[in-house]
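In what follows, a single structure is set out as structure tokens and then discussed.
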Amino acid sequence: MNSLRLLGHRAPFRLVDAGLADAQRDLLSGHVELLPAPVDVPPVHLAPYGPRLRPADVQVVLDADVIAVRPLTGLIDAAAAGRLVGFVNDPPNHDRFFPEWAEVLGLRSMRRRAYLNAGQFVIPRTLNARVLDRWIDGQVTVGMRGTRYGRKARLSDPFYFADQDVVNAVLSATLDDDELDVREHRLAPHPPFAGLRLTDIQALTCTYPDRTQPYFLHHTMAKPWLQATRLTVYSTLLSRLLLAPDVALRLDPGHVPLRLRPGRLASVDLRRADMQARVKADARRRLGTFGIRTRLADRLRAFGVRP
């Protein structure tokens, strides 16, 4: 929210509340409209509910771990012209496709397209029924079994990525080519945000060597406000967006981890977290090379523990 406001966007901001504490709701009061999550819907399936509960001519649908770093005017204009705007997922999962999607979800024959990340969409109201309703229905059909949130799921399973697989199946079956505006992955990158440099922290400007500027930074997987993660343009911007005096909703520094606060001690802790995350990532790569990580994950799931 703070990033969008700093970029000049003043449209209403809505948040689907999947279990905020009362103190968190009080903090957000006056800044966002809280929409209660439907009963018995897993949080990972909530993305399409916000625009269905509060439809608008153009709906920008974002995960909570997304930072906007460039005005969205061009994306909004594309959606206003009747096209759904999405961003290609992080390689190697950028061309994922399963013919089984159609049979399970009751969809007509699908055309293979780029596989989009579900963390950021810009959707025109004219496509709500064809996209959002089928997305919601598909998630109900699939449930959690056979997804990364269930037991014994593997990447080769057609609905491993749950909501993301469902929406890509829906888009492949229901939209014509001229109704879809696909943007490259580097315009909404994931960690470690390779090649991206923070060129103006006040304006939130991030730039690649060829001067291309992304629209979003999407911190998939581990979240820097919950655990130690790599030092990236995202973690640097996060501190600015939570604590700077010019943001719409400024947090108390005592309410964020030390590594995200200003000051010398915080800088030391941030570098400690960066080193810890690098060591952990290297260990995961080594375990993955020998297949140990997969076997360990299967063993944990057998005992009902999510790895």
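Among the residues of the stretch 29-41, are any among the β-branched types (Val, Ile, Thr) and in contact with a Ser or Thr (Cβ under 9 Å, 6 or more places away or on another chain)? No; the residues of the stretch 29-41 include none that is among the β-branched types (Val, Ile, Thr) and in contact with a Ser or Thr (Cβ under 9 Å, 6 or more places away or on another chain).
Pairs are defined by a Cβ separation below 7 Å, a sequence spacing of at least 6 or placement on different chains, a first member in the stretch 58-79 that is under 17 Å from THR232 (Cα atoms) and touching a residue at least 60 places away in the same chain (Cβ under 8 Å), and a second member that is open to solvent by 10 Å² or more (accessible area, probe 1.4 Å) and of a type in the set (D, E, K, R); the pairs so defined are ASP65/LYS223. Among the residues of the stretch 98-142, those identified as assigned to a helix (DSSP H, G or I), within 21 Å of GLY74 (Cα to Cα) and either modelled with pLDDT under 95 or open to solvent by 40 Å² or more (accessible area, probe 1.4 Å) (or both) are ARG125, THR126.
Given the condition in contact with a helix residue (DSSP H, G or I) (Cβ under 7 Å, 6 or more places away or on another chain), of a type in the set (S, T, N, Q), assigned to a loop (DSSP other than H, G, I, E, B) and buried (at least 21 other Cβ atoms within 10 Å of the Cβ), answer yes or no: does some residue in the stretch 143-166 qualify? No, the stretch 143-166 contains no residue that is in contact with a helix residue (DSSP H, G or I) (Cβ under 7 Å, 6 or more places away or on another chain), of a type in the set (S, T, N, Q), assigned to a loop (DSSP other than H, G, I, E, B) and buried (at least 21 other Cβ atoms within 10 Å of the Cβ).
For the stretch 16-72, enumerate the residues that are acidic (Asp, Glu), in a loop (DSSP other than H, G, I, E, B), open to solvent by 20 Å² or more (accessible area, probe 1.4 Å) and closer than 24 Å to LEU226 by Cβ. Before you say what the answer is, go through the steps one by one.
In the first step, residues of the stretch 16-72 are kept if they are acidic (Asp, Glu); the result is 17, 22, 26, 33, 40, 57, 63, 65.
If we keep only those that are in a loop (DSSP other than H, G, I, E, B) as well, we get 40, 57, 63, 65.
Keeping just the survivors that are open to solvent by 20 Å² or more (accessible area, probe 1.4 Å) gives 40, 57, 63.
Selection gives ASP63 alone.
Within the stretch 207-230, if we keep just the residues that are buried (at least 18 other Cβ atoms within 10 Å of the Cβ) and closer than 22 Å to ARG261 by Cβ, the residue that is nearest to the chain's Cα centre (by Cα) turns out to be HIS219.
Among residues of the stretch 128-153 that are within 15 Å of GLN164 (Cβ to Cβ) and of a type in the set (Lys, Arg), those with a Cβ under 6 angstrom from a residue that is open to solvent by 20 Å² or more (accessible area, probe 1.4 Å) and outside any helix (DSSP H, G or I), sequence gap 6+ or separate chain, pair up as ARG148/TYR160.
For the stretch 241-255, the set of residues classified as open to solvent by less than 20 Å² (accessible area, probe 1.4 Å), in contact (Cβ under 8 Å) with a residue 24 or more places away in the chain and outside any loop (DSSP other than H, G, I, E, B) consists of LEU241 only.
Do we have any residue at all in the stretch 244-266 that's touching an Asp or Glu at 6+ places or on another chain (Cβ under 9 Å), of a type in the set (D, E, K, R), farther than 26 Å from ARG154 by Cα and at pLDDT below 95? The answer is yes; a qualifying residue exists.
Quick one: would you say ALA281 is modelled with pLDDT of 60 or more, under 29 Å from MET144 (Cβ atoms), open to solvent by less than 40 Å² (accessible area, probe 1.4 Å) and in a helix (DSSP H, G or I)?
Details: modelled with pLDDT of 60 or more: yes; under 29 Å from MET144 (Cβ atoms): yes; open to solvent by less than 40 Å² (accessible area, probe 1.4 Å): yes; in a helix (DSSP H, G or I): yes.
Taking the combined requirement at face value, the residue satisfies it.
The values are calculated or read from the model by the stated rules, or taken from the named source; none is laboratory data. Small disclaimer: the values here were computed from a predicted structure and weren't measured. A quick note on method: Cβ atoms are made from the backbone with ideal geometry, for glycine too, and the neighbour counts reach across all protein chains shown. These accessible areas exclude ligands, DNA and RNA; they are computed on the full protein's heavy atoms, side chains included. Shrake-Rupley method; radii C 1.70, N 1.55, O 1.52, S 1.80 Å.
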